[in-house]
Structure formats: C-alpha cells, structure tokens
C-alpha cells in the first residue's frame, strides 16, 4: 500500500491518496523520471508526457537493488 500526502496550493488544505498495487506492478530499483526541468531563463517546465516513465535508481548500502532497464521505461499497466 502506498500513501501520499500533499498540500493543495489553492486551498492550503492537506490532500491524501492511498493506492494498493499488486506485487508485479512494483519495480524494485527504479524511480519515476523527473517531470520538472528548468529553462536557462529560470522558468520551470512540467513535462507530463514523462509522468509514467521510470529510470534506474542508484543502489545504496540499505537498498542495494537496481533496475536493469535501459533508458526510460513506460511500464505496462497491470492493476
């Protein structure tokens, strides 16, 4: 189960979401690709086309797993 908590910028109220994923939907050693980038003039760009893309995360001492994917990956929806 994944729980996400954030703040709505308009109302300044907390927003909560909870989702349950099947085991085959979890890709260990991967993270979501960055969707925000900064232009040379300082403006931020939100690239929603990369919202479902995954990239390999760095292995750490406490989480030594890396995903063996190549480049960006858009997972199949399995739930």
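The values are calculated or read from the model by the stated rules, or taken from the named source; none is laboratory data. Note that the coordinates shown come from a computational prediction; the quantities given were computed from them, not determined experimentally. Glycine gets a Cβ as well: all are built from the backbone with ideal geometry, and neighbour counts include every protein chain shown.
When 34, 9 are checked against the criterion of being out of contact with any strand residue (DSSP E or B) (no Cβ under 6 Å at 6 or more places or on another chain) and either within 25 Å of residue 55 (Cβ to Cβ) or assigned to a helix (DSSP H, G or I) (or both), 34 stands alone in meeting it. Please go through the stretch 12-31 and pick out each residue that is part of a helix (DSSP H, G or I) and without any contact (Cβ under 8 Å) to a residue 24 or more places away in the chain. Correct list: 23 only. On the basis of being modelled with pLDDT under 85 and part of a loop (DSSP other than H, G, I, E, B), does residue 40 make the cut? So residue 40 does not fit the description; no. Could you count how many residues in the stretch 43-57 are closer than 29 Å to residue 25 by Cβ, outside any loop (DSSP other than H, G, I, E, B) and either in contact (Cβ under 8 Å) with a residue 60 or more places away in the chain or touching a strand residue (DSSP E or B) at 6+ places or on another chain (Cβ under 9 Å) (or both)? Going through the stretch 43-57 one residue at a time, the tally reaches 6.
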